[in-house]
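Written below as structure tokens is the structure these notes are about.
Each reported figure results from applying straightforward, stated rules to the coordinates on display, with no laboratory input. Fair warning: this is a prediction, and the values are worked out from it, not measured in the lab. Reconstructed Cβ throughout: ideal geometry from the backbone, glycine too, with neighbour counts over all protein chains shown.
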Amino acid sequence: MSRLWLLVLCLTACGRYAEFQLPEPHGEPTKSFRWEAVPPPVLLRGAPGEWDHADVLNPAIVRHGGRYLCLYSGFDGATWHTGLAESPDGLVWEKQGRVLSPDASTWEGAYIAANGAAVARGETIFYWYHAGPRDRPAIGLATSPDGRTWRREPAPVLEPGPRGSWDERGVADPFVVEADGWFHLYYLGQDRARRQRLGVARSRDGVRWHKHRGNPLLELGESGAADENGLGEPAVWRSHGAWWMLYTARAFDERRRLVLARSADGIAWKKMPVTIAGGEDWNRAVVCDAEIALEDGHVRVWFGGGDRPSPDENLSGQIGAGRLVPEP
């Protein structure tokens, strides 16, 4: 192989990665947060036979047209889809039906087109979702003017990494935060040992991404920790003097809870001694899939919950709500 060809290969591979950090935090500093839950679920499973009767999870929420729009993942027992619900207050929701399903004739395959992240930029809603085969998912992008009609990019916008990388066997669970004209996409990566950890990429347009060279950003916990078996579904925001993250922590028995982490730059993270576990019958086994909104000095949180510790579906999943209140 010629030196020129080796140089081309190197430049091509290196072009997908970059060094960066997120903008400086702002706001009145706080040491941590206190969790306050809304006990009942706010978005329920569908009736038997409906497309979302098995699970309702993964809320992705934006303010659009004066209302809250929730793009959520619904499971019918065989296939995951994305549905739309609307609300005036983020608590009382009205389902609008299924809006995205996997297209088996494309890269998406036939299993999932859901588990996404939503951002409203101007009049356009961006929705990043994961799809593709179960053993090597990728992240796609769809855009919409109203949350009902969608145009999908023809190919994945973020794909698994090269052989031997930390995200070689799949990228999933996108969460996107916009700052200083950049989209920052936090995501789960899985390696060949099936370790699930978290990384970040950034993009100007939401389509062409550069992964951070320092990925993964957070490692598995020690034996007995809430995240001993994996980390996923990050939700990231900037407030109260820091960058904050809620992520889903998986134990070996597949019980899950949310863990809080803190960062000064969105890259170097420290896990905090704050966990959110289910306190009701409907979410006693699983609390996952956080979505957040900054309102009135606190952090509103929506999340998925279930009463069965299943690894990925058939959790009796429903969506709950609560808030994080800053502590001095």
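Here is how the numbers come out for the structure above:
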item	result
Neighbourhood charge, 10 Å Cβ-Cβ cut-off, centred on Gly278 and excluding it, Lys, Arg +1 and Asp, Glu -1	+1
Relative exposure of Asp265, Asp227, judged by other C-beta atoms within 10 Å (fewest first)	Asp265, Asp227
Stretch in the chain that is longest and holds no GluC sites (Glu not before Pro) that DSSP places in a loop and that have at most 11 other beta carbons within 10 Å	223-328
Ascending count of other beta-carbon atoms within 10 Å, so fewest first, for Leu100, Leu220	Leu220, Leu100
Candidate lysines - alpha carbon under 16 Å from Lys31, same-chain residues fewer than 8 apart omitted	Lys270, Lys271
The stretch 189-222-the stretch 102-145 distance, computed between alpha-carbon centres (Å)	18
Phi-based couplings in Hz for the stretch 33-43 (Karplus 6.51, -1.76, 1.60; Gly and Pro marked x)	10, 10, 8, 10, 9, 8, x, x, x, 9, 9
Net lengthening on full extension, Arg308/Asp146 (0.36 nm per residue, minus Cα-Cα)	54.9 nm
3J(HN,Hα) from dihedral phi, the stretch 200-205, Karplus parametrisation 6.51/-1.76/1.60, rounded to Hz, x for glycine, proline	9, 9, 9, 7, 7, 10
For the chain, share of DSSP beta bridges that run antiparallel, in % to the nearest 5	95
Hydrodynamic radius by Kirkwood, which averages 1/r over all alpha carbon pairs of the chain, in angstrom	19.8
Neighbour-count order for Ser87, Ser263, fewest beta carbons within 10 angstrom listed first	Ser87, Ser263
Stokes-Einstein translational diffusion, the stretch 90-179 - Kirkwood Rh over all Cα pairs, 0.890 mPa s, 25 °C, in µm²/s	175
Separation between Cα centres of the stretch 13-56 and the stretch 236-267, rounded to whole Å	9
Contact order relative to length of the stretch 25-327, as percent, for alpha carbon pairs under 8 angstrom and 6 or more apart	18
